[in-house]
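K.L.:
Have a look at the structure that comes next, please.
The values are calculated or read from the model by the stated rules, or taken from the named source; none is laboratory data. Note that the structure is predicted; figures quoted are calculated from it, not measured. Don't worry about glycine lacking a Cβ; one is built from the backbone with ideal geometry, like all the others, and counts go over all protein chains shown. These accessible areas exclude ligands, DNA and RNA; they are computed on the full protein's heavy atoms, side chains included. Shrake-Rupley method; radii C 1.70, N 1.55, O 1.52, S 1.80 Å.
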4 protein chains.
Amino acid sequence: MRIGFVGLGNMGAAMAANLLAAGHELTVYNRSPDKVGPLTARGAIAAASPAQACDADVVVTMLADDTATEAVTFGESGIIESLRHGAIHVSCSTISVALSQRLADAHTAAGQVFVAAPVFGRPEAATAAKLFVVAAGPAPAMEALAPLFDAVGQRTFVVSDRARIAHLVKLSGNFLIASVIESLGEAMALVGKAGVDKLEFLDLLTSTLFDAPAYRTYGGLLAREEFEPAGFAARLGLKDVRLLLAAAEDLQVPLPVAGLVRDRYLTLLAGGGGELDWSAMGALAAWEAGGPKPGG
Amino acid sequence: MRIGFVGLGNMGAAMAANLLAAGHELTVYNRSPDKVGPLTARGAIAAASPAQACDADVVVTMLADDTATEAVTFGESGIIESLRHGAIHVSCSTISVALSQRLADAHTAAGQVFVAAPVFGRPEAATAAKLFVVAAGPAPAMEALAPLFDAVGQRTFVVSDRARIAHLVKLSGNFLIASVIESLGEAMALVGKAGVDKLEFLDLLTSTLFDAPAYRTYGGLLAREEFEPAGFAARLGLKDVRLLLAAAEDLQVPLPVAGLVRDRYLTLLAGGGGELDWSAMGALAAWEAGGPKPGG
Amino acid sequence: MRIGFVGLGNMGAAMAANLLAAGHELTVYNRSPDKVGPLTARGAIAAASPAQACDADVVVTMLADDTATEAVTFGESGIIESLRHGAIHVSCSTISVALSQRLADAHTAAGQVFVAAPVFGRPEAATAAKLFVVAAGPAPAMEALAPLFDAVGQRTFVVSDRARIAHLVKLSGNFLIASVIESLGEAMALVGKAGVDKLEFLDLLTSTLFDAPAYRTYGGLLAREEFEPAGFAARLGLKDVRLLLAAAEDLQVPLPVAGLVRDRYLTLLAGGGGELDWSAMGALAAWEAGGPKPGG
Amino acid sequence: MRIGFVGLGNMGAAMAANLLAAGHELTVYNRSPDKVGPLTARGAIAAASPAQACDADVVVTMLADDTATEAVTFGESGIIESLRHGAIHVSCSTISVALSQRLADAHTAAGQVFVAAPVFGRPEAATAAKLFVVAAGPAPAMEALAPLFDAVGQRTFVVSDRARIAHLVKLSGNFLIASVIESLGEAMALVGKAGVDKLEFLDLLTSTLFDAPAYRTYGGLLAREEFEPAGFAARLGLKDVRLLLAAAEDLQVPLPVAGLVRDRYLTLLAGGGGELDWSAMGALAAWEAGGPKPGG
């Protein structure tokens, strides 16, 4: 498959490398060109603009947020203007449900196909091609993209033929992780203040009812207070819960735990912790109980 | 070991049967005597009172709540008065941290030993001797009780030499389950209102970051809205979060998710749902979003 | 003063009438022209477009929300394009803090003056010229506008020379009203369920520590469950708390009660109550406690 | 009237002095006898025990909490044992609804009358005989006690013939004050971070919709960060919200703002602020937004 790839951050660069390794023909673009070298060294072609990356069957975007995604998609020389009829735009970023719908509408109007395929997994998982891909879009595109998804992930979940649903599901998954961080943080604040070792407590949990990656990963970071360097920064955690709350407001669904998590992230950012790992949010419970402020 | 067993509800009867099967000499007592038959048929001796069950090395109590536990322990012909010097009282019930401490103090004063050993697991797990035992108490007693714990559970976690810590850990575990119920309930309310199948959503979760019994069990009940018969009733869920909040107040630890869960259970009970499975609490998020009331 | 007035809803029409009564020369515009008649009958000139209303010293906008305000301000034939150099745009609508800042910047760039002057008071107060005006903007404009504010209100509070601060203060005031609605709703749910008459309870409160219009007005509506017709609709209450939360997020200030109020409004809207008076939100506490759904 | 008075703290001493001033015959008791002198100097008789204070038509208790009230009421030489047939026990303390009911039952069983008469007002109001009395109990007792209530307060509200209702109403009133503290604290954190002067903001509020003592008093303390000495300590604020939540749980009424306030007080106490004025709780919102810790 001829694939254009726009956005070579930690996650994007690893995914692009795996696409190359799987034998796809890859043209890559990144705003800061220094990220491009390692990939061209392995056979990728460097594009001078997002538009150049669109000379492909599929263009993948993996960008920080809505603003960055909008910037390369809409407007002059944007992806919509540049992509040929029938080609596919796959957005792997975690963007808002509203933008996902706008992209679907705009691509459809331009005779193109939009597919949402956000992923679960931290940078290590991206490198190991062990991501989970949550995909949604028209069925024929889903079929065509299967090899692409297989090259970056360990499993693909097709959740709908409406692209925006994949973003809703992805945001819901991130919310569930944040809920784990918060509830573990509360429980650890409590047992910790009573003198229980947090790692032993976590071992008990993950040996029994909570034997899942989310508990092992985030519980471990919390118990060891290991918040730097961030695998996923707190300010991005805030962004995701904001996007979730916006989608929930459109659907008129109150989400009290999400509201609480949002407040927690604001507290963390107000205290200067925006660049800590988002698991640091869970340490605020112990801070309120008289303990030290996470990261500070 | 000569064991007295007081309290033959769903959980207690199954545990007592496993103690018998493991070759222990068992004397059993239950307030309503009809529960005793199946056990005497398998070799247990029926006690006419809790006091009679105390003619043993160890007496185990597995009762509904603080009140029931206090009733058989303190006062005339109670366990403290009846147990011989050096014998052990093992409380497997989920009781308050404060009562746990009172029991430890009272038994110590009477020259006896108190051990807290609450368990994780629903009645099926009790029957299969697959419980997880969270134990705390003096080290020699822990060693002596190992065969007893092995007979009822798949693994024992010794969390402290202070008995009350086992109850704090157990309540914290139940709180984490309730957090799972609440956050899954919120996420399902959201994606469900957007048209996503709840069981498919759950499959995605439990195939990825949330591959744990708590998510499979409670997520399944929630997705299928299978709240009757209750494995663990909502009113008991409320009781446990109340005990957790009381312990947290003593330790001066604010627990906002626990506070939310408490409000949810009150809502469920006010609507007549006290006898539904405690997972029904998670369905309140969808109710607030315009859906049907759980159980009603 | 020659004043253009754009937006003749319940509030705007009453304010415009008071400006006329105070002797100002008034040109009025409304999207649906049927609202214009009663004012031209009293001497106002009808404008065919917002642009025509800009032939004035001051143009006042009193519109439903951000979208409506943006629509008449920016773009071709918008207020910014149409207003003459040095003239003043006074926005009396409750709009977002971010839009308030955008308007200030755009008017400044166009050599014009932007003033924020949101008001407290329900339609009855607008009719009686008893509004409270919360004003912010450059000092000379404040001075020039004093007679205008006096014509519509009983008192003007100049809170800053930065326009957006007036909107922040106004949103904070609305939040405090919503907090009164919620907390009164909770207290009434409690004492009501215990058999206390809600109006007698309210009388006790307003005779003692809570002797304030907010308690009398909203407490009365709540106690009498008098939610129709709406003085201020629940969906607008949701809009205002959303704007507050957005402003608070920009300033990194967590506001847990505001988050709760937002969830309450979503619940009310999800149940079909968006057109009820916003005080109906307070009745959700009794609904959760087993009572009837407000408006349903 | 011959009145016994038990409990001469800040509030009790002032109330007793006003009863004396109104011409009642007063016998006073306090655990630490140094509080008795000023009153005997003005004509009161000193009692050596609560039992001695019961040689009266009415005995008033004004004690710190449930424990103190139980200690003087039940048991040997307690008020119930000591009071003569037909005499009245008036509890002016803020105690739990459950204890209020127990007292009513016990006095009835002893042929005596129990009346609940908690009061609103800080020590200054007690001194000035400007308290508000919230009274409940059998109608004849209410009539008989009118002069007593008039001597200590500016107005009496008879809310029920069931004593416990007065305590429920009193706790609800304290909850509403705490809600004012929390919501004002949030609003001030927000506008304060935007550069608005908190006292000017409060002036705007109390000049308009929030022109009530609760806003003036607590808003002033908050705006001036004047938390010492405490008029009413934070730990007592926590006690009262705990009693409210317990009563609400019995009635199955979820109260989310009360739950939040409880968490806030726990945070304040965990940080060492238990002896600050309870209005300090409102400063936690600014603390979370990056500001200083109240009292620290």
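K.L.:
Would you please name the GluC sites (Glu not before Pro) within region B:68-163 that are DSSP coil residues with at most 13 other C-beta atoms within 10 Å of their C-beta? Walk me through the intermediate numbers first.
P.N.:
Numbers: sites: B:70, B:76, B:81, B:124, B:143; in loops: B:76.
Those satisfying the criteria are B:76.
K.L.:
Another one. Going from most exposed to least, what order do B:15, A:1 have by accessible area with a 1.4 Å probe? Intermediate values should be presented prior to the final figure.
P.N.:
On the way: B:15 5, A:1 70 Å².
Highest to lowest solvent-accessible surface, that is A:1, B:15.
K.L.:
If the only charges are +1 at each Lys and Arg Cβ and -1 at each Asp and Glu Cβ, what is the size of the charge dipole of chain C around the Cα centre, to the nearest 20 debye? Intermediate values should be presented prior to the final figure.
P.N.:
Working: 22 positive and 30 negative charges, 26 e Å.
Charge dipole, chain C, about its Cα centre: 120 debye, nearest 20.
K.L.:
Per residue, how much accessible area does region A:137-201 show when a 1.4 Å probe rolls over the protein heavy atoms, in square angstrom? Each step should come with its number before you reach the end.
P.N.:
Values: 2010 Å² over 65 residues.
Spelled out: the 1.4 Å probe surface of region A:137-201, per residue, equals 31 Å².
K.L.:
So, one more: Got a sec? Charge dipole of chain D, +1 on Cβ for Lys and Arg, -1 for Asp and Glu; which of D:92, D:244, D:290 is way out at the positive end?
P.N.:
The Cα lying farthest towards the positive end belongs to D:92.
K.L.:
Could you compute how much accessible area chains A and B hide from each other, both sides summed, with a 1.4 Å probe? Nearest 100 Å² is fine. Intermediate values should be presented prior to the final figure.
P.N.:
On the way: alone 13440 and 13430 Å², together 22160 Å².
Answer for the A-B pair: about 4700 Å² buried.
K.L.:
If you don't mind, another one. Between the chain alone and the structure with every protein chain in place, find the residues of region C:221-262 that drop at least 40 Å² of accessible area; heavy atoms, 1.4 Å probe.
P.N.:
Those residues are C:249, C:251, C:252, C:253, C:254, C:255, C:256, C:257, C:262.
K.L.:
How high is the relative contact order of chain B, in percent, counting Cα pairs under 8 Å that sit 6 or more residues apart? Mind dumping the intermediate values first?
P.N.:
Numbers: 533 pairs, mean separation 39.5, N = 296.
With pairs under 8 Å counted, the relative contact order is 13 percent.
K.L.:
Measuring label to label, 7 Å along Cα→Cβ, what does residue C:220 give against each other copy in nm, shortest first?
P.N.:
Spelled out, the distances from residue C:220's label point are 2.8, 5.8, 6.4 nm.
K.L.:
Give the cross-link partners of residue A:293 among the aspartates and glutamates, using a straight C-alpha distance below 12 Å as the criterion and excluding same-chain residues fewer than 8 apart.
P.N.:
Partners found: A:225, D:288.
K.L.:
Taking only DSSP H segments of four or more residues, each worth -39500 (n - 2.57), what value at 222 nm results for chain C once the sum is divided by all its residues, to the nearest 500 deg cm²/dmol? Don't skip to the end; give the middle numbers.
P.N.:
Working: 14 runs with 153 residues, N = 296.
Per the formula, -15500 deg cm²/dmol.
K.L.:
While we're here: Using θ = phi - 60° and the Karplus relation 6.51 cos²θ - 1.76 cosθ + 1.60, list the HN-Hα couplings for region B:143-157 in order, rounded to whole Hz, with x at every Gly or Pro.
P.N.:
Karplus-based 3J(HN,Hα) across region B:143-157 equals 5, 4, 8, 3, x, 4, 5, 4, 6, 10, x, 8, 7, 10, 10 Hz.
K.L.:
Among C:192, C:232, C:171, which residue has its Cα furthest toward the positive end of the charge dipole of region C:168-288, with +1 on Lys/Arg Cβ and -1 on Asp/Glu Cβ?
P.N.:
In region C:168-288, that residue is C:171.
K.L.:
Now for a different question. Note down the relative contact order for region C:116-246 as a percent, whole number, built from C-alpha pairs under 8 angstrom at least six residues apart.
P.N.:
On the way: 142 pairs, mean separation 28.7, N = 131.
22 percent.
K.L.:
Distance between Cα centroids, region C:174-223 to region C:69-124: provide it in whole Å.
P.N.:
37
K.L.:
Sticking with this structure for a sec: Find every distance from the label point of residue C:40 to the corresponding label point in the other copies (7 Å from Cα along Cα→Cβ) and write them in nm, one decimal, shortest first.
P.N.:
Inter-copy label distances (nm, one decimal, shortest first): 6.8, 8.9, 9.9.
K.L.:
Putting +1 on Lys and Arg Cβ atoms and -1 on Asp and Glu Cβ atoms, find which of C:151, C:71, C:115 reaches farthest to the positive end of the dipole of region C:2-161.
P.N.:
Among C:151, C:71, C:115, the one farthest towards the positive end of the dipole of region C:2-161 is C:151.
K.L.:
Applying the Karplus parametrisation 6.51 cos²θ - 1.76 cosθ + 1.60 with θ = phi - 60° to the phi angles of region D:125-130, what ³J(HN,Hα) value in whole Hz is obtained for each residue in order, glycine and proline being reported as x?
P.N.:
Per residue, the Karplus-derived 3J(HN,Hα) values read 5, 4, 4, 7, 6, 10 Hz.
K.L.:
Report the closest approach of any chain C C-beta to the axis of the C-to-A rotation: residue and distance, in whole angstrom.
P.N.:
Spelled out, residue of C and its Cβ distance from the axis onto A: C:259, 2.
K.L.:
Sticking with this structure for a sec: Where a ≥ b ≥ c are the square roots of the eigenvalues of the C-alpha gyration tensor, would you call region D:168-288 rounded, which needs a/c under 1.5, or, failing that, prolate if a/b is larger than b/c, or oblate? Mind dumping the intermediate values first?
P.N.:
Numbers: a/c = 1.86, a/b = 1.48, b/c = 1.26.
Prolate is the answer for region D:168-288, as a/c is 1.5 or above and a/b outweighs b/c.
K.L.:
Which whole-Hz couplings ³J(HN,Hα) result when phi for each residue of region C:96-102 is put into the Karplus expression 6.51 cos²θ - 1.76 cosθ + 1.60, θ = phi - 60°, listed in order with x for Gly and Pro?
P.N.:
Taking θ as phi minus 60°, the curve returns 6, 4, 5, 5, 4, 5, 4 Hz for region C:96-102.
K.L.:
What net charge do the residues around residue D:253 carry, taking every other residue with its C-beta under 11 Å from that of residue D:253, with Lys and Arg at +1 and Asp and Glu at -1?
P.N.:
Here the charged neighbours net out to -4.
K.L.:
Relative to the other copies, what are the label-point distances for residue D:195, with labels 7 Å from Cα along the C-beta vector, expressed in nm at one decimal and sorted shortest first?
P.N.:
Going from nearest to farthest copy, the values are 4.8, 5.3, 5.8 nm.
K.L.:
While we're on this one: State the Cα centre-to-centre distance between region C:236-286 and region B:27-46 in whole Å.
P.N.:
First find each Cα centre; the distance between them is then 57 Å.
K.L.:
Would you please give the residues with an amide H less than 5 Å from that of residue D:162, counting only those at least 5 places away or on a separate chain, with H modeled from the backbone geometry?
P.N.:
D:137
K.L.:
Roughly how many nanometres apart are two label points built 7 Å out from the Cα toward the Cβ at residue D:10 and residue B:275?
P.N.:
5.1
K.L.:
List for region D:147-162: residues with 50 Å² or greater reduction in accessible area, all protein chains versus chain alone, probe 1.4 Å?
P.N.:
SASA drop of 50 Å² or more in region D:147-162: D:157.
K.L.:
What residues qualify as long-range amide H neighbours of residue A:87, i.e. H under 5 Å apart, gap of 5 or more or another chain, H built at 1.01 Å from N?
P.N.:
Amide H neighbours of residue A:87, under 5 Å, 5+ apart: A:113.
K.L.:
Also: So in the protein assembly as shown, what percent of DSSP beta bridges are antiparallel if you round to the nearest 5?
P.N.:
Values: 16 of 116 bridges.
Here the antiparallel bridges make up roughly 15 percent for the protein assembly as shown.
K.L.:
Please state the shape class of chain A: rounded when a/c is under 1.5, otherwise prolate if a/b exceeds b/c and oblate if not, all from the C-alpha gyration tensor. Display every interim value, and only then the final one.
P.N.:
Numbers: a/c = 2.09, a/b = 1.82, b/c = 1.15.
Judged from the Cα gyration tensor, chain A comes out prolate (a/c at least 1.5, a/b above b/c).
K.L.:
Right, another one. Could you give the nm distance between label points at residue D:40 and residue C:108, where each point is 7 Å from its Cα heading toward the beta carbon?
P.N.:
Taking the simple label geometry, residue D:40 and residue C:108 are separated by 7.3 nm.
K.L.:
Name the shape class, rounded, prolate or oblate, that the alpha-carbon gyration tensor gives for region C:2-161, where a ≥ b ≥ c are the square roots of its eigenvalues, rounded holds for a/c under 1.5, and otherwise prolate holds if a/b is larger than b/c and oblate otherwise. All intermediate terms of the calculation are to be shown ahead of the outcome.
P.N.:
Details: a/c = 1.44, a/b = 1.11, b/c = 1.30.
Here region C:2-161 falls in the rounded category.
K.L.:
Residues with amide H under 5 Å of residue D:60's amide H, sequence separation 5 or more or different chain, H placed in the peptide plane at 1.01 Å from N; which?
P.N.:
For residue D:60, the qualifying residues are D:4, D:5, D:6, D:90.
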